[in-house]
Amino acid sequence: MEKNVKTGNLSVYEHVLLLAVIEHFHKTTARDETLQETTEAYLNLMLDKSNNWLVFSKGLLLRSLNEFSKFKRMERALTQL
């Protein structure tokens with residue numbers, strides 16, 4: 001898995017696992033700037049290399065919910081929903 005992360009080639013299983021980690025962070029961690037930045041980093045990694053439409057759609061939904069609290073990105077978040 002170390003080699004896959006460096007090259008950016010993640011399997012569908014790893015994408016789903018990454019989505020589960022993001023959901024877990026949102027349910028167990030206080031909502032603050034650090035959580036939003038961490039979530040954004042994970043989602044950017046996942047969305048850049050996603051080949052599965054379902055994983056990509058869920059990633060866009062999570063990104064739009066994550067960006068909704070930032071006023072400058074609210075318009076993009078609303079168009080993604």
| said: Give me the one-decimal nm value for the distance between modelled label points at T29 and L61, 7 Å along each residue's Cα-to-Cβ direction. | reply: 2.1 nm
| note | For segment 22-57, listing trypsin sites (Lys or Arg not before Pro) in a DSSP loop whose Cβ sees at most 16 other Cβ atoms within 10 Å gives R31, K49
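Bear in mind that the values in this text are calculations on the coordinates, not laboratory data. What you are looking at is a predicted structure, and each value in this text was computed from that prediction instead of being measured. We place every Cβ from the backbone using ideal geometry, glycine too, and count neighbours over all the protein chains shown.
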